[in-house]
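A.B. asks: I have a structure here, written as structure tokens, and I will follow up with some questions on it.
Computed from the coordinates by the stated procedures, all read-outs in this text should not be read as laboratory data. Since the model is a prediction, treat every value here as computed from it, not as a measurement. A quick note on method: Cβ atoms are made from the backbone with ideal geometry, for glycine too, and the neighbour counts reach across all protein chains shown.
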Amino acid sequence: MKVHIKLIATYREYLPPDCQGKMTMDVDEGTTAVALLTSLGIPIDESVVLVDGRSPRRNDPLTEGVTIASFSAIGGG
């Protein structure tokens, strides 16, 4: 099943350089946003994770065509 990943700000470094922060991936049925982002090396405990603009429950499985967005919850200023 295909899902879209959008990584924002410094998290773009977790994707290949030619992706410009966005890419589409094939994942297995039952995959969660947390599992997918963890597999990319993203530090989940320090992240905001959204699925189609909403905060998912940790064990919610992804569905075809959703967009998973993530960025650091730690901001500067």
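A.B. asks: If we sort 53-60, 36-43 on the protection proxy, mean other Cβ atoms within 10 Å, highest first, what's the order?
C.D. replies: Ranking the peptides 53-60, 36-43 by packing returns 36-43, 53-60.
A.B. asks: Any chance you could run the full-extension gain for GLN20 through THR63? It's 0.36 nm times the residue separation minus the Cα-Cα distance, nm to one decimal.
C.D. replies: Taking GLN20 through THR63 to full extension adds about 13.1 nm, to one decimal.
A.B. asks: Next question. Under the 0.36 nm per residue contour assumption, what length would be gained going from the current alpha-carbon distance of GLU46 and LYS2 to full extension?
C.D. replies: 13.3 nm
A.B. asks: Does segment 8-50 classify as rounded, prolate or oblate by the C-alpha gyration tensor (a ≥ b ≥ c root eigenvalues; a/c under 1.5 gives rounded; else a/b over b/c gives prolate, otherwise oblate)?
C.D. replies: oblate
A.B. asks: To the nearest 500 deg cm²/dmol, what mean residue ellipticity at 222 nm is calculated for the chain from DSSP H runs of n ≥ 4 alone, each contributing -39,500 (n - 2.57), summed and divided by the residues?
C.D. replies: -2500 deg cm²/dmol
A.B. asks: Can you give me the relative contact order of the chain as a percent, contacts being Cα pairs under 8 Å and 6 or more apart?
C.D. replies: Worked out over the chain, it gives 41 percent.
A.B. asks: Distance from the Cα centre of segment 40-77 to that of segment 7-36, in angstrom?
C.D. replies: Each part reduced to its Cα centre gives a spacing of 10 Å.
A.B. asks: Same structure again: Report the charge-dipole magnitude of segment 2-72 in Debye, nearest 20, computed about the Cα centre from +1 at each Lys and Arg Cβ and -1 at each Asp and Glu Cβ.
C.D. replies: Charge dipole of segment 2-72: 220 debye, to the nearest 20.
A.B. asks: Give, as a single signed number, the net charge of other residues whose beta carbon lies under 14 Å from the beta carbon of PRO61, with Lys and Arg counted +1 and Asp and Glu -1.
C.D. replies: For residues surrounding PRO61, the net value is -3.
A.B. asks: Another question about this same structure. Largest first and in whole Å, give the semi-axes of the chain's equivalent ellipsoid, each being the square root of 5 times a Cα gyration tensor eigenvalue.
C.D. replies: Computed over the chain, the values are 19, 15, 10 Å.
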